[in-house]
Amino acid sequence: YAKRAAKTARLIWPSLVEEWVTMRVQNTPQRPPAEYVGLYQHKGFMLDIEVCELDEKRRGYGENPELLEFTVNGLQRQRAKLRHYHYDVWTFLPNSRDDASRKGMELYMKLPLVLLSFLRDEKGDVSALEWDLQAGVCEGPAPGLETAVQPIRFDRVHTKAR
């Protein structure tokens, strides 16, 4: 399995990076990271996503550093750093194919899977996030449902990380 996964990642990585660059809207304003911090829940799936701001020591580097981190259901192994993508969308695209393999992200080699979209309410406050965990594809025998699967919405329940 490991050899097949590495080969697949090697083939997919260049097209993923190309799509990431092509779909990104350049020079969009980045809001303060603190606006996104909080706990987001989807009660039906029993999933919690906690978003925290990284301290200076843990932040990334370069022109678009990782400033946030998210954790799924409080599990350390389901944690990733986020960098700004565009508007209210943040990404956890690894720095390289090897980095993705080290992190066990071979199954996240589609652009929608590495993007978290934050939603704002009528007052302009962040109220939810959406994550396309199916990457828009509905598998199964039902014709016409290929793009029917929508991103999963996680409602914000706390504005501060625990």
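The values are calculated or read from the model by the stated rules, or taken from the named source; none is laboratory data. Just so it is clear, the structure is predicted and the values come from calculations on it, not from any experiment. Reconstructed Cβ throughout: ideal geometry from the backbone, glycine too, with neighbour counts over all protein chains shown. Only protein heavy atoms, including side chains, enter the accessible area calculation; ligands, DNA and RNA are left aside. Shrake-Rupley method; radii C 1.70, N 1.55, O 1.52, S 1.80 Å.
A few remarks follow.
- Ranked from largest to smallest solvent-accessible area, with a 1.4 Å probe on the protein heavy atoms, D155, D88 come out as D155, D88.
- In plain terms, if you count all Cα to Cα distances in the stretch 80-124 and split them into 10 Å steps from zero, the share in each step is 26, 48, 19, 7, 1 percent.
- The Cβ shell under 13 Å around G62 holds other residues with a net charge of +1, Lys and Arg each +1, Asp and Glu each -1.
- 3J(HN,Hα) along the stretch 61-73: 9, x, 6, 9, x, 6, 10, 10, 9, 10, 10, 9, 6 Hz, from the Karplus curve 6.51 cos²θ - 1.76 cosθ + 1.60 with θ = phi - 60°, whole Hz, x for Gly and Pro.
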